[in-house]
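The values are calculated or read from the model by the stated rules, or taken from the named source; none is laboratory data. Everything quoted here is computed from the prediction, not taken from an experiment. Cβ placement follows ideal geometry from the backbone for every residue including glycine, while neighbour counts extend to all protein chains displayed.
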Amino acid sequence: MSKLECDRLFDLYVREPQARCSTRIGVKMYLCRQIIKAHGGEIGVTCNRKRGLTFYFTLPLAIPS
């Protein structure tokens, strides 16, 4: 996958490659991103041709008051 395709995985209306009308992947990844961002974290994906996709996320230990 290209960098643009990896970034688009978190868009709301991304379709599964095999299903012409499905938006389930887009909704799931979009919700994950929204939840993680709401908690002050970040989510991303990297692509390695030999190992596939690697998803990662970060969350703060504590929110400064």
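Annotations for the structure displayed:
- Residue list for the stretch 7-18, restricted to those being at pLDDT 75 or above and not basic (Lys, Arg): 9, 10, 11, 12
- Meets criteria (at pLDDT below 90, touching an Asp or Glu at 6+ places or on another chain (Cβ under 9 Å) and either loosely packed, with under 10 Cβ neighbours inside 10 Å or under 15 Å from residue 6 (Cα atoms) (or both)) for residue 21: no
- Matching residues, the stretch 42-58, being in contact with a Phe, Trp or Tyr (Cβ under 6 Å, 6 or more places away or on another chain) and either over 13 Å from residue 5 (Cα atoms) or part of a loop (DSSP other than H, G, I, E, B) (or both): 43
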